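Got a structure here, written out as structure tokens. Questions coming.
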Amino acid sequence: MKTTAIGVENLCVPCHAHCRYCLLNWNGRTFGVDYDRGKRFTERLFSELKLERPDLGVFYHIGYCMDGPRLPDYIRFCRSVGSPSGEFLQINGLALRDREEAEGYIRDIASLGIRRVDLTFYGLREYHDRFAGRTGDFDLLLALLDAAGLVGVQAEVSLPILRENMAQADALLGLLKEYQVGRYFAFLPNGKGRGRTIEDQRLTRAEFESLSREVRACFSPNVRYQTEAEWIRDGIWPVPMTRTLTLSLTPENIDELEAMPAGAVASMLEEMDDHFYAAMPQPAELAACCGDPEGRKMYRLRDLLLEWRGRFLETSGYSLHDMDDERGHFSVRV
């Protein structure tokens, strides 16, 4: 398994929303370390990796949202190390702003080099605000969209499609077409974070095919969705060849990490990932022990395997660091 990149995550910035679907399971408390301490560690780690593992790409991100007084420094640092967040931000969960303040935010990040932003809409105003856990979130996103068009920042829109909101999708698209949107990305949410709490909202094939042509055109043509039963019937399981690894900084691990050379940090992550996947049955075995051969819900293969690994961990009794959980050290295999 070839490691292609190593990143650092510091979940040190609170989110102002409380979405039902949150990959990081935001619960009102940050899990990262002091911003400056995290940045100093990351600078040192990346400098050493450049010498010890020059084949590796690097990336850095803070969370839970892209807000707060240290955001300019964060963007500049990401640009300096070549992290994607130097040009692209997901801007969900910001503190509420009026239209003038929203435009000021977009102008500020554009002046720092941000060229693209992504915003997530869960449905029309009332449903979206309820899903996001606060009144005013929908109007904030519209104000940010409007500001992006004025300033020349490309805005992309993510559209998680659920059984609850699918009937709103066409009206939402009609509303959003009044704004300058560079790309729509519709998807069926996966089971990371609080995603597993809305598994009952996953579409069946009949529901998926009932979506309008306009909504289905927002799904990536490069992503294949099938029912769980169809994936099991086909039995084709591509073998991942590469992985990216992310180190998550916490008050519990930062002292130890600061004392470790970069090569040791990289090896630690690789060993954790190897150990996690060595304990996991192969996809065909997961299908046999955790799959539903009659399952009618639609998945992309990546998300179905994630769901099966979650089912396996729940029933196996294994005590493993979950390399699928983005609140701690985690991996993405491709």
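Each label point is 7 Å from the Cα along the Cα-to-Cβ direction; what then is the distance between the points at residue 96 and residue 294, in nm?
In this crude spin-label approximation the distance works out to 4.8 nm.
What is the local net charge at residue 186, summed over the other residues whose Cβ is closer than 11 Å to its Cβ (Lys, Arg +1; Asp, Glu -1)?
It works out to a net charge of +1.
Provide the net charge surrounding residue 198, with neighbours chosen by a C-beta distance below 14 Å and charges set as Lys +1, Arg +1, Asp -1, Glu -1.
Charge balance near residue 198 sits at +3.
If amide H atoms are built 1.01 Å from N in the plane of the peptide, which residues on other chains or at least 5 residues away come under 5 Å of the amide H of residue 25?
The answer is 194.
Also, I was wondering about something else. Based on the alpha carbons, how large is the Rg to Rh ratio for the chain when Rh follows Kirkwood?
Rounded to two decimals, Rg over Rh is 0.96.
List the relative contact order of the chain as a percent without decimals, with contacts defined as Cα pairs under 8 Å and 6+ residues apart.
Averaging sequence separation for qualifying contacts and normalising by length gives 22 percent for the chain.
Can you check what the net charge comes to around residue 34, using other residues whose Cβ is under 11 Å from the Cβ of residue 34 (Lys, Arg +1; Asp, Glu -1)?
With Lys, Arg at +1 and Asp, Glu at -1, the net is +3.
Explain nothing, just compute: Karplus ³J(HN,Hα) = 6.51 cos²θ - 1.76 cosθ + 1.60, θ = phi - 60°, for every residue of region 98-107 in order, whole Hz, x for Gly and Pro.
Per-residue couplings from phi come out as 7, 4, 5, 5, 4, 5, x, 4, 5, 4 Hz.
Further, regarding this structure: Under 25 °C and 0.890 mPa s, how fast does region 105-156 diffuse according to Stokes-Einstein, given a Kirkwood radius computed over C-alpha pairs? Answer in µm²/s, whole number.
Estimated diffusion coefficient is 213 µm²/s.
From the C-alpha gyration tensor of region 83-137, pull out the three semi-axes of the equivalent ellipsoid (sqrt of 5λ each), sorted largest to smallest, in whole Å.
That gives 24, 14, 8 Å for the three semi-axes.
Of all DSSP beta bridges in the chain, what percent run antiparallel (nearest 5)?
Approximately 20 percent, going by the DSSP bridge assignments.
Read the figures in this text as sums done on the coordinates, not as results from a lab. The model shown is predicted, which means the values in this text are computed figures rather than measured ones. Here the Cβ is made from the backbone with ideal geometry for all residues, glycine too, and neighbour counts use every protein chain on show.
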